[in-house]
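Working notes for the structure below.
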Amino acid sequence: MDYKLLDGKAVSAQMKKEMAEEVACVKAEGGKVPHLAAILVGHDGGSETYVANKVRTCEEIGFKSTLIRFESDVTEEELLREVDKLNNDPDVDGFIVQLPLPKHISEQKVIEAIDYRKDVDGFHPINVGRMSIGLPCFISATPAGILELLKRYHIETRGKHCVVLGRSNIVGKPMATLMMQKAYPGDCTVTVCHSRSQNLKEMCLQADIIIVALGVPEFLKGDMVKEGAVVVDVGTTRVPDATRKSGFRLCGDVKFDEVAPKCAYISPVPGGVGPMTIISLMRNTLLAGKKAIYE
Ligand code: GUN
């Protein structure tokens with residue numbers, strides 16, 4: 001099959017342009033520019049990169065951004081105080097606490113401390129609950145980015161069998177919920193497979209759409225995919241690579257060379273879901289700034 005790429009890099013660049021134009025208009029009219037704050041705890045390489053990208057993208061679009069750093073020995077109490085401060089700062093439209101957090105801090109407690117109206121990550125139980133019953137809410141960035149990618153490529157989803165590999169709170173679960181929603185993209189028959197599934201390969205072979213979010217490099221092989229399938233790769237594992245300046249390269253969850261020839265559409269790594277995730281956080285920030293969802 002002659003596959004087409006789901007080019008997240010190109011789509012996100014287009015969305016960035018659209019948002020930058022909108023912000024420029026707001027600015028020209030003397031309105032308030034959206035303001036995103038990010039809390040980063042410690043110095044995890046992945047988290048450092050993600051947060052730096054988020055701050056840079058804010059600048060490129062014309063948003064205001066604030067980065068708040070703590071060392072990894074910060075107490076839960078101190079972190080919760082900062083969350084409270086941001087909740088009550090009228091200039092901050094939305095904020096995120098980059099995950100993972102050090103073990104001595106309860107991620108759930110921190111997430112629940114965030115005012116759901118500023119929860120542009122869409123991790124607060126109120127946003128998760130509202131999403132699951134189809135009410136306006138902040139949808140977490142990776143699933144939202146994947147929906148936007150499917151939409152911009154006019155991928156048919158109605159009545160299709162979508163297999164989601166992975167059941168994380170950040171990707172797998174919300175992705176499955178959204179793909180079964182009565183909407184476009186959506187209206188799928190959804191199967192969720194995970195590390196304990198016994199018939200994962202059989203399920204994948206029946207799938208029209210496969211969304212892989214396991215964090216296992218090159219997990220999805222050519223013999224697990226039906227001819228003409230749409231495959232979305234959420235994997236971003238860093239694997240050592242001495243030929244790179246950084247010392248690593250990003251590896252997806254899909255064995256691309258085997259799988260791509262069987263696909264109608266496939267998202268690459270890098271340049272697929274990754275840039276869509278960042279741009280979706282920006283979209284949520286824009287919505288927060290406009291009070292388009294709450295208030
Ligand atoms: N860690 C991995 N993905 C994410 C994300 O989307 N948001 C936050 N806050 N942390 C993450």
Task: Any hit, the stretch 219-238, residues being in contact with a Pro (Cβ under 9 Å, 6 or more places away or on another chain), crowded, with 20+ Cβ neighbours inside 10 Å and small (Gly, Ala, Ser) - done: yes
- [ ] Being open to solvent by 60 Å² or more (accessible area, probe 1.4 Å) and closer than 19 Å to ILE293 by Cα is the filter; apply it to the stretch 71-124 and report the residue that is farthest from the ligand (Cβ to nearest atom).
- [x] PRO90
- [ ] Collect the residues in the stretch 44-54 that are open to solvent by less than 40 Å² (accessible area, probe 1.4 Å) and either among the acidic types (Asp, Glu) or more than 13 Å from the ligand (Cβ to nearest atom) (or both), keeping them in residue-number order.
- [x] none
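Are any of the residues in the stretch 73-80 on the phi < 0 side of the Ramachandran plot and in contact (Cβ under 8 Å) with a residue 40 or more places away in the chain? Walk me through how you get there before you give the answer.
So the first thing to find is which residues in the stretch 73-80 are on the phi < 0 side of the Ramachandran plot, and the list is 73-80.
Going one step further and asking which of them are in contact (Cβ under 8 Å) with a residue 40 or more places away in the chain, we end up with 79.
For the stretch 73-80, residues on the phi < 0 side of the Ramachandran plot and in contact (Cβ under 8 Å) with a residue 40 or more places away in the chain: present.
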TODO: Kindly indicate whether ALA52 is of a type in the set (A, V, I, L, M) and within 21 Å of the chain's Cα centre (by Cα).
DONE: yes
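Please go through the stretch 127-151 and give me each residue that is within 18 Å of the chain's Cα centre (by Cα), over 30 Å from LEU5 (Cβ atoms) and either part of a loop (DSSP other than H, G, I, E, B) or not basic (Lys, Arg) (or both), ordered by number.
The answer is ASN127, VAL128, GLY129, SER132, PRO136, CYS137.
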- [ ] Could you grab the pairs with beta carbons closer than 9 Å, sequence gap of 6+ or different chains, first residue in the stretch 148-166 and closer than 16 Å to CYS204 by Cα, second one part of a helix (DSSP H, G or I) and open to solvent by 10 Å² or more (accessible area, probe 1.4 Å)?
- [x] HIS161/MET203; CYS162/MET180; VAL163/LEU200; VAL163/MET203; VAL164/LYS173; LEU165/LEU200; LEU165/MET203; GLY166/LYS173
Task: Residue list for the stretch 50-103, restricted to those being of a type in the set (Gly, Ala, Ser) and not in a loop (DSSP other than H, G, I, E, B) - done: ALA52, SER65, GLY94
Open item on the list: So, THR236, is that one under 18 Å from the mean Cα position of the chain (by Cα) and among the hydroxyl-bearing types (Ser, Thr, Tyr) or not?
Closed with: yes
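The values are calculated or read from the model by the stated rules, or taken from the named source; none is laboratory data. Because the structure is predicted, anything quoted here is derived from the model rather than measured. Methodologically, a virtual Cβ is constructed for each residue, glycine included, from the backbone with ideal geometry; neighbour enumeration extends over all protein chains shown. The accessibility values were calculated without ligands, DNA or RNA, using every heavy atom of the protein model including side chains. Shrake-Rupley method; radii C 1.70, N 1.55, O 1.52, S 1.80 Å.
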